[in-house]
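Here's the structure, in structure tokens; my notes come after.
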Amino acid sequence: MNESVVEPTDSQPKPILSEDWQAVLIGSVLLLICFGTIAFVAPDADGELVSPLKSYLSKPGSWEANPLNGLTKPLAILGPLVLLGVVFAAGLGVVREKVNQFLPAFVIVFLLGAFAYILAGQSVIKYYGLSYALWALLTGMIISNTVGTPSFLKPAVRTELYMKVGLVLLGAEILLGNLISLGLPGIFISWVVTPIVLISTYWFGQKVLKISSKSLNMVVSADMSVCGVSAAIATAGACKAKKEELSLAIGISLTFTVIMMVVLPPLTQALGMSQVLAGAWIGGTIDATGAVGAAGALIGEDALKVATTVKMIQNILIGVIAFGVACYWVAFVERGEGETKPDAGEIWRRFPKFVLGFIAASIIFSALREFSPEGKAMVEGMISGSSKNLRGWCFCLAFVSIGLDTNFRELGQYLQGGKPLLLYICGQTLNLILTLFMAWLMFFVVFPEAASALQH
């Protein structure tokens, strides 16, 4: 899982960059394209900057009875296919991988992703929060567990590369200024509760449930406590988790994300929670950022703002958690399993390098946003007009790839009598309790003025 590369063959030389550095390279190029196209755009009548790519880098829209109604802008689907295909192919070509095998396969994988987006756009399905991620995963799994994943598709089945590039793009959306808007309450909710839940859940899995695979235990714990799939990918690389373990953790996470997104909003209203408290609770517990926004919006504008900001602050922990897990795995787990004591450099070799791209993007675009009103307009125009949609497509391609790479027979050995599922349920229960307590403590005991300031 860590820095995986394609094995060289007689006709294919070894790639000159690891997969993590490939992700940083490809993600950086995409961000440069997105930012460069808006750098010379004049403001519209409202003073906003609209990316010229916005009309060409979109996804299928909503529909009720006829799926074709979601394809009102075919060029908006063709645009991401062409841009991502060209940039990914160029990035792989630079590191000496076979582009001629990748491109045809990529087109098919992309169309499967578009199919998932179309399903997710149906009005009833959209109402119940069954996101594109779920349909992309199911689409790939149905193929892999029935007819089998065709061999010609394998060059484009690159779960980690797509997800890592998507995370580099996500870095541009994680604006450090969000820390200021919630201040210390948001930091305590996101940065104190999360490590406690992660460590407690891992300990519970090892000491109480006695899960034999430490890497599976860690990936499920990180997936549940930090921010879902993104944290699972980063942590899996740090602890050398098997792809089947990652698939299982992601599958559990997606299932409970849908459940919590539907259940928590009416529960908070039934309990009479304020929007600030409800938003903080949702932001700190629901795994996926998109699901957090959807759940917060069901409650109100204040809840939406608090929930998404708490989740964004929590997302910053991806790199910290990955580094911490890499240090722990090298110093204790592998050493305890009888392996030769690794040197300090092993921590760096194990560390998911794509996280550096994520952090760099966050710092650079946060600085641009704070530098001047023009810089803020440019970054916001870039995110809303192009990079956010490209990030969504990268994640969608990753979910399709997970499905195409997942075999239920191989997953069976990791279920271990339902222990991973029980681990998630127990860990999430602890997460719900501690996050609610911390949100109440911070906003209504220690910093009540912060709660007042966030309410309209």
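The values are calculated or read from the model by the stated rules, or taken from the named source; none is laboratory data. This one's a predicted model, so the numbers in the text were calculated from it and none came from an experiment. Cβ atoms come from the backbone with ideal geometry, glycine included; neighbour counts cover every protein chain shown.
List of remarks:
- Pair list, Cβ < 6 Å and 6+ apart or interchain, from region 435-456 residues that are closer than 20 Å to THR194 by Cα to residues that are modelled with pLDDT of 85 or more and of a type outside the set (A, V, I, L, M, F, W, C): THR435/GLY284; THR435/THR285
- Residues satisfying the stated conditions in region 212-226, i.e. surrounded by 24 or more Cβ atoms within 10 Å (Cβ to Cβ) and in contact (Cβ under 8 Å) with a residue 40 or more places away in the chain: LEU216, ASN217, MET218, VAL220, SER221, ALA222, ASP223, MET224, SER225, VAL226
- Flag for ALA322 being assigned to a helix (DSSP H, G or I) and without any contact (Cβ under 8 Å) to a residue 60 or more places away in the chain: no
- Some residue of region 388-406 being under 22 Å from the mean Cα position of the chain (by Cα) and not in a helix (DSSP H, G or I): yes
- Subset of region 131-165 (residues that are of a type outside the set (A, V, I, L, M, F, W, C), over 15 Å from ALA116 (Cβ atoms) and not in a loop (DSSP other than H, G, I, E, B)): SER151, LYS154, PRO155, GLU160, LYS164
Each row is one residue, and each column tells you yes or no for (1) on the phi < 0 side of the Ramachandran plot; (2) crowded, with 18+ Cβ neighbours inside 10 Å; (3) modelled with pLDDT under 80.
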position: SER4; (1), (2), (3): yes, no, yes
position: ILE38; (1), (2), (3): yes, yes, no
position: VAL41; (1), (2), (3): yes, no, yes
position: VAL50; (1), (2), (3): yes, no, yes
position: SER55; (1), (2), (3): yes, no, yes
position: PRO67; (1), (2), (3): yes, no, yes
position: ALA76; (1), (2), (3): yes, yes, yes
position: ARG96; (1), (2), (3): no, no, yes
position: PRO104; (1), (2), (3): yes, no, no
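- Residue list for region 119-130, restricted to those being among the hydrophobic types (A, V, I, L, M, F, W, C) and outside any loop (DSSP other than H, G, I, E, B): LEU119, ALA120, VAL124, ILE125
- Restricting attention to region 402-432, the residues being at pLDDT 85 or above and over 17 Å from VAL208 (Cβ atoms) number 2.
- Taking the criterion of being part of a helix (DSSP H, G or I) and of a type outside the set (A, V, I, L, M), the residues of region 300-319 that qualify are GLU301, ASP302, LYS305, THR308, THR309, LYS311, GLN314, ASN315, GLY319.
- Pairing each residue of region 345-361 that is surrounded by fewer than 24 Cβ atoms within 10 Å (Cβ to Cβ) and aromatic (Phe, Trp, Tyr) with any residue that is modelled with pLDDT of 80 or more and assigned to a helix (DSSP H, G or I), provided the two are 6+ apart or on different chains, yields C-beta distances under 6 Å for PHE351/PHE323; PHE351/ALA326.
Here is a yes/no grid of residues against (1) under 19 Å from LEU397 (Cβ atoms); (2) free of Cβ contacts under 8 Å to residues at least 40 places away in the same chain:
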site	(1), (2)
LEU84	yes, no
GLU97	yes, no
ILE108	yes, no
LEU111	yes, yes
SER123	no, no
LYS126	no, no
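- Residue match in region 227-242 (condition: within 28 Å of ALA307 (Cβ to Cβ), surrounded by 23 or more Cβ atoms within 10 Å (Cβ to Cβ) and more than 15 Å from the chain's Cα centre (by Cα)): yes
- Odd one out for SER372 among (1) at pLDDT 85 or above; (2) surrounded by fewer than 24 Cβ atoms within 10 Å (Cβ to Cβ): (1)
- Screening GLY290 against (1) within 25 Å of SER58 (Cβ to Cβ); (2) buried (at least 24 other Cβ atoms within 10 Å of the Cβ); (3) at pLDDT below 85 leaves a single unmet condition, (2).
- Flag for LEU103 being in contact (Cβ under 8 Å) with a residue 12 or more places away in the chain and in a helix (DSSP H, G or I): yes
- Residue within region 206-229 that is at pLDDT below 80 and assigned to a helix (DSSP H, G or I) present: yes
- Evaluated against (1) crowded, with 20+ Cβ neighbours inside 10 Å; (2) modelled with pLDDT under 90; (3) over 21 Å from the mean Cα position of the chain (by Cα); (4) within 28 Å of LEU30 (Cβ to Cβ), PRO155 falls short on exactly one condition, (2).
- ALA367 being in a helix (DSSP H, G or I), modelled with pLDDT of 80 or more and in contact with a Leu (Cβ under 9 Å, 6 or more places away or on another chain): yes
- Residue list for region 158-181, filter: at pLDDT 70 or above and hydroxyl-bearing (Ser, Thr, Tyr): THR159, TYR162
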